Amino acid sequence: MASLNVGNLGEYLREQRRAAQLSLRQLADAAGVSNPYLSQIERGLRKPSADVLQQVAKALRISAETLYVRAGILDEREREELETRAVILADPSINERQKNVLLQIYDSFRRENGFVPETDETGGTDETDGRPPVDGRPGADGRPGTDDAVGADPTLKADARKDDNPHS
């Protein structure tokens, strides 16, 4: 974990509060924290918990992950990964199965490039090579258990072709 940079966090919060045209008292009320406590955070005298940062982010309508990075709770790479996952999961134009397939593909590319996911929320992985389990049939490249969708289960790919997508 990175070291805390509360001074930078406080300055950033003040800038965001002013951009939102909120007084210190208004933001404190909206975030459910005391006015003096928020003032101390802005001046770099206190280091807030992740819960407080989340409440403040919600009140300011900004990303909590951005505040976590500023506070040193989360590094930039983790924030980018979380935001990517959030965008995929929030997309209303694709169904849950398609979202899971996208996340599996995303994880496989990250593993291929040396970034191992902390947790795999999309399902298990093959313990031998870290890829999602496959059924052993030859894929597009002729190797058993592979597919042109980088480790995606061929049955999932076939399912994705069905009439799930209103745009096809």
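Run the dipole for region 6-74 about the Cα centre, Lys and Arg Cβ at +1, Asp and Glu Cβ at -1, nothing else charged, and hand back the magnitude in debye, nearest 20. Mind showing how you got there, number by number?
Values: 10 positive and 6 negative charges, 25 e Å.
Dipole of region 6-74, to the nearest 20 debye: 120 debye.
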### Summary
Output for region 1-71: trypsin sites (Lys or Arg not before Pro) sitting in coil per DSSP, at most 12 other Cβ within 10 Å, listed by number, reads 61
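Based on the Kirkwood radius over alpha-carbon pairs, what is the Stokes-Einstein translational diffusion coefficient of region 6-74 at 10 °C with 1.306 mPa s viscosity, in µm²/s?
Numbers: Rh = 11.4 Å.
Roughly 140 µm²/s, to the nearest whole number.
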### Query
From the phi of every residue in region 102-108, what ³J(HN,Hα) in whole Hz does the Karplus formula 6.51 cos²θ - 1.76 cosθ + 1.60 yield, where θ is phi - 60° and glycine or proline is x?
4, 5, 5, 5, 4, 4, 5
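Bear in mind these aren't lab numbers, they're just calculated from the coordinates by the rules spelled out. On a predicted model such as this, the values are computed, not experimentally measured, just so you know. Because the Cβ atoms are built from the backbone with ideal geometry, glycine has one as well, and the counts that use them run over all protein chains shown.
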